[in-house]
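J.: Have a look at the structure that comes next, please.
The values are calculated or read from the model by the stated rules, or taken from the named source; none is laboratory data. What you see is a predicted model, and the numbers here were worked out from it, not measured in a lab. Neighbour counts run over all protein chains shown; Cβ positions are idealised from the backbone, glycine included.
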Amino acid sequence: MFKRLLIPCLLALVSVGQSFSQAAEPNRNIVRRGFYTNSQIKFERDKKGHVAFIGGSITEMNGYRPMVCENLQKRYPDTKFTFTAAGISSTCSTTGAFRLNRDVLSKGPVDLFFIEFAVNDDQDAGHARRECIRGMEGIIRQCRTHNPNMDIVVTFFVNPGMLEMLQKGKTPISMGSHSEVLEHYNVSTIHLAREAADRITAGTLTWKEYGGTHPKPPGNRIGADMIKTLLDDAWSKPLSPSAKLTAHAVPKKQLDKDSYSNGHFQALKTASTDNGWKVHKPDWKSIPGGKRERFTNIPLLSATEPGSETTVNFKGKAIGAFVVAGPDAGIIEASVDGGAFKNVDLFHRYSRGLHYPRTVMFASDLADGDHVLKLRISTAKNKDSKGHAARIIQFAVN
């Protein structure tokens, strides 16, 4: 009798032991913070939702973004989604903070927002910690100010240099800085970069299989599946009948008081055009260097001759410009409120063969208020540049 009772008990214990051993361990690279009830309410109960993406070329390309959209539509087949794709190749979080309103927030309240800038803050902008924080905090704070109910996910992608650092147990500057912001604002992180590093180190994935800085479908699928895991977990419980939209808490204090939390674009028409500068579409056919169509069919504020001057009135505590800087990019001399001129070199290492989009800052850490910016084309130029050109897409004001 005892044996007949003991054997089923032992089998039951073995079965329990097997279930524990087979249970998946939590993934340290999926860091869930806060709640996602707001987007669940919109998608599940209201049957509609606005999902947006912002980032660089990894977001612009046919990669993780359409995979995430497909996953959402499969989960909620009866929901009418609006998807806003705001990826622009080469742009960093600084540019993101200034173009956020134009490219995303102006499209209407966003319910679920995906952000990606770790790679571009590293390899394109080469940002130090301060600029990484100012850009990412500017984006997050603007989002939560515009729509306190917005749910947010930030994904860290990876390039070879960052991968090497992660495999050595080190944290790339952009990822560490962005993490500070996300912890401060209680925003979730998908650490795809470390996931790839872990798998490559373990021998279950190769860099070639992942696909490189701009991942192939397998690399993008890993990221999309990690996002799905996070959201599946967040939305695993049925909505309570009493569930309602709840604002995410926003810390009163910013990590950096001069973060671009009021970042926006200012129109070119606010600049003077009587001394060598003009707003027009450049004759791109006659200008050497690669071009991207999104920048060749719009008017730019341009000057190509040394000594050309323009003035701009603005209100805030920082000003810069979103520019295209090609093989002929020059150096701009910038003065605020009659102060000393500061040289700002527009030429970027990627400018040698491309009219490269980037945001340069002329002045920051100013007293908040009304100011006058004066720009002048310098007679000096970068040793690798073939000219003195300045081509401004928009002014960037905070």
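J.: Pull out all pairs, ordered by first then second residue, where Cβ-Cβ is under 6 Å, the residues are six or more apart or on different chains, the first lies in the stretch 379-398 and is under 16 Å from residue 354 (Cβ atoms), and the second is among the charged types (D, E, K, R) and crowded, with 18+ Cβ neighbours inside 10 Å.
T.: So the pair list comes out as 386/328; 387/328; 389/328.
J.: Within the stretch 171-179, is there a residue that is β-branched (Val, Ile, Thr), surrounded by fewer than 16 Cβ atoms within 10 Å (Cβ to Cβ) and over 19 Å from the mean Cα position of the chain (by Cα)?
T.: Looking through the stretch 171-179, none of the residues is β-branched (Val, Ile, Thr), surrounded by fewer than 16 Cβ atoms within 10 Å (Cβ to Cβ) and over 19 Å from the mean Cα position of the chain (by Cα).
J.: Right, another one. Out of the stretch 83-103, which residues are crowded, with 24+ Cβ neighbours inside 10 Å and not in a helix (DSSP H, G or I)?
T.: 91, 92
J.: When you scan the stretch 194-311 for helices (runs of 4 or more DSSP H) that lie fully inside it, which ones turn up with 2 or more residues that are among the hydrophobic types (A, V, I, L, M, F, W, C)?
T.: Ranges flagged: 217-234.
J.: Checking the conditions here, which among 58, 41, 54 is modelled with pLDDT of 95 or more, under 24 Å from the mean Cα position of the chain (by Cα) and in a helix (DSSP H, G or I)?
T.: Only one candidate qualifies: 58.
J.: Right, here's the next one. Within the stretch 61-70, count every residue that is surrounded by 16 or more Cβ atoms within 10 Å (Cβ to Cβ) and assigned to a helix (DSSP H, G or I).
T.: Counting residues in the stretch 61-70 that are surrounded by 16 or more Cβ atoms within 10 Å (Cβ to Cβ) and assigned to a helix (DSSP H, G or I) gives 5.
J.: Another question about this same structure. Can you tell me which residue is nearest to residue 157 (Cα to Cα) among those in the stretch 225-247 that are in contact with an Asp or Glu (Cβ under 8 Å, 6 or more places away or on another chain) and surrounded by 15 or more Cβ atoms within 10 Å (Cβ to Cβ)?
T.: 226
Residues are listed down the side, and each one gets a yes or a no for (1) over 30 Å from residue 368 (Cβ atoms); (2) in contact with a Leu (Cβ under 8 Å, 6 or more places away or on another chain); (3) modelled with pLDDT under 95:
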position: 181; (1), (2), (3): no, yes, no
position: 184; (1), (2), (3): no, yes, no
position: 208; (1), (2), (3): yes, no, no
position: 254; (1), (2), (3): no, no, no
position: 266; (1), (2), (3): no, no, no
